[in-house]
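The values are calculated or read from the model by the stated rules, or taken from the named source; none is laboratory data. Please read all numbers here as calculations on a predicted model, not as lab measurements. For neighbour counting, all protein chains shown are included, and Cβ atoms are generated from backbone atoms with ideal geometry for every residue, glycine included. When the accessible area is computed, the model is the full protein with side chains, heavy atoms only, and any ligands, DNA or RNA have been set aside. Shrake-Rupley method; radii C 1.70, N 1.55, O 1.52, S 1.80 Å.
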Amino acid sequence: MEDLQQQILNFVEENGKLNSLEFANCLQIDHQKVVGTIKSIQAFDGVINCELISSKRWELTKEGVEVAENGSHEALVFNAIPGDGMSQADLMKKVPNAKIGFSKAMSAGWIAIDKKAAGGPKVTRKVETIEDTVKECLTKLKNLQLDGFTDNQKAEYKKRKLITEVTVNTFEVSKGPNFSTSLSKQETDLTPEMLASGSWKSKSFKPYNFDALGIAPPSGHLHPLLKVRTQFRQIFLEMGFTEMPTNNFIESSFWNFDALFQPQQHPARDAHDTFFISEPRDAHEFPMDYLEKVRKVHAEGGYGSQGYKYDWKIEEAKKNLLRTHTTAVSARMLYKLAQQETFTPKKYFSIDRVFRNETLDATHLAEFHQIEGLVADYNLTLGDLMGIIHEFFKKLGITRLRFKPAYNPYTEPSMEIFSYHNGLKKWVEIGNSGVFRPEMLLPMGLPKDVSVIAWGLSLERPTMIKYGIDNIRDLIGPRVNLTMVQENPICRLDK
């Protein structure tokens, strides 16, 4: 190492500059060894200046080296055919990579095939001699000669995986302000031994940098979803909402569907849309008086509604599933609220995972987070709902919202919420909302003049909008780039 250091310094002294790759080729040594030595010289402050130069060049692949040495696949096929020809089957067995070689030789017009020959297809030569331009070009490239090597040839050989484009990093070294051909390492510590022997007098010490920040201590990093989840939670709390318990991923069909006035024949209750649990398959504990009211409003109607007029089955309501929305939690909380002797207005929210049997794409996953918010009070309207959603997203910094009429079994009227995604350059659905139907609320025992406005939002899609991510699989799941998690700034609230 020291000998190579001296050679590099002497070369810079004589020539003023040194190119690491050219120097390595001149000495016929590994380029990385020269690079390592240059970096070791950089440890001596101000001795050399070093500039990184990146360039691209073509190199032969392993298959390309074989072609340069032995000839192209098509030439090998041509040369393997005797003057009177041979069967295609024997040719394919005889020559390596015969399939591509046969195809290329046919395209070049070097060979012909007689499919009607006795004994099977027979291959014969169409020309007497050939010029193996592939081998010639690759041999030139191997010797770093690019004369006559056209762009079309480069594209073709790259497609055939005979060559590959690589990035070469070289260093250009020049004299620094403290350049010297003799290196003396500066000391960084004043030791007791130096003081005792007096050797510190002849030592050169590296100056202290009192402005250095030091090495950043190792620490964890918050995922963008956790950051935005914390912001959503803080916004809800600032607006006076109370968090609902969401610690039950497994829910019964009764609370997930029936209590929400969703009919038992609804497509969402099919296995194609919902993950049902095989063990335990059924739930058993229900408030039976409330269950009977739910059955009646489904099967016979009531509270001003004609219902769905079908044979409601408790066996269907008992089925356990992975909850498809946190609205099941809202139904439980509203039922609990209705059991109070005197109704008091409430504002609830929850943020947790839900599960749906979705087809995966850029904006859908089978497991995702839902943000649920609801307000129960006297005489609420759709205007109250739109206003609170606008205020909610305004606190998050998302102001471009649109509402579109929609249908939900348990809300009327209902609206889908859209926000403009700058990354995707289009409007993206980020939530659903509406006013809960009387068929859902009145069986619980809530007063007739109490309305409940509610909305369910995705956590992933607003996060994608805030962080400029255009594929949900880059945000959550096995494809997440951890560097993105580490380097993304804190997503600050726009007040």
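Restricting 118, 89 to those that are open to solvent by 70 Å² or more (accessible area, probe 1.4 Å) and over 30 Å from residue 166 (Cβ atoms) reduces the list to 118.
Between 140, 135, 126, the distinction of being of a type in the set (Lys, Arg), surrounded by 11 or more Cβ atoms within 10 Å (Cβ to Cβ) and touching a strand residue (DSSP E or B) at 6+ places or on another chain (Cβ under 8 Å) belongs to 126 only. Among what's in segment 210-250 and is over 30 Å from the mean Cα position of the chain (by Cα), modelled with pLDDT of 90 or more and charged (D, E, K, R), pick the residue that is surrounded by the most Cβ atoms within 10 Å (Cβ to Cβ). Restricting to residues being over 30 Å from the mean Cα position of the chain (by Cα), modelled with pLDDT of 90 or more and charged (D, E, K, R), the top hit is 243. Of the helices (runs of 4 or more DSSP H) contained entirely in segment 45-130, those carrying at least 3 residues that are in contact (Cβ under 8 Å) with a residue 40 or more places away in the chain and out of contact with any Cys (no Cβ under 6 Å at 6 or more places or on another chain) fall at 62-70, 73-80.
The single condition among (1) outside any helix (DSSP H, G or I); (2) closer than 21 Å to residue 326 by Cβ; (3) among the small types (Gly, Ala, Ser) that residue 278 does not meet is (2).
For residue 470, the test of being touching a residue at least 12 places away in the same chain (Cβ under 8 Å), open to solvent by 30 Å² or more (accessible area, probe 1.4 Å) and part of a loop (DSSP other than H, G, I, E, B) is passed.
Looking only at segment 339-359, how many residues end up being assigned to a strand (DSSP E or B) and within 35 Å of the chain's Cα centre (by Cα)? Even if it seems obvious, please write down each step before you answer.
Keep residues of segment 339-359 that are assigned to a strand (DSSP E or B), which gives 346-355.
Subsequent filtering for residues that are within 35 Å of the chain's Cα centre (by Cα) retains 348-355.
Selection size over segment 339-359: 8.
Quick check: is even one residue across segment 348-366 surrounded by 18 or more Cβ atoms within 10 Å (Cβ to Cβ), modelled with pLDDT of 90 or more and more than 17 Å from residue 458 (Cβ to Cβ)? Yes: one or more hits. Entry remark, segment 194-221: residues being in contact with a helix residue (DSSP H, G or I) (Cβ under 8 Å, 6 or more places away or on another chain) and part of a loop (DSSP other than H, G, I, E, B) number 2 in total. Among residues of segment 182-201 that are among the small types (Gly, Ala, Ser), those with a beta-carbon under 9 Å from a residue that is open to solvent by 90 Å² or more (accessible area, probe 1.4 Å) at least six positions away or on a different chain give the pairs 199/193. Within segment 95-109, if we keep just the residues that are more than 11 Å from residue 73 (Cβ to Cβ) and surrounded by 14 or more Cβ atoms within 10 Å (Cβ to Cβ), the residue that is modelled with the lowest pLDDT turns out to be 108. For segment 453-485, a tally of residues being in contact with a Pro (Cβ under 9 Å, 6 or more places away or on another chain) and basic (Lys, Arg) returns 1.
Here residue 226 clears all of (1) farther than 29 Å from residue 473 by Cα; (2) free of Cβ contacts under 8 Å to residues at least 12 places away in the same chain except the condition numbered (1). Only residues that are open to solvent by less than 50 Å² (accessible area, probe 1.4 Å), farther than 18 Å from residue 438 by Cα and either in contact with a Phe, Trp or Tyr (Cβ under 9 Å, 6 or more places away or on another chain) or part of a helix (DSSP H, G or I) (or both) were counted across segment 282-304, and they come to 3.
A count restricted to segment 1-56 and to residues that are among the basic types (Lys, Arg) and at pLDDT below 85 stands at 1.
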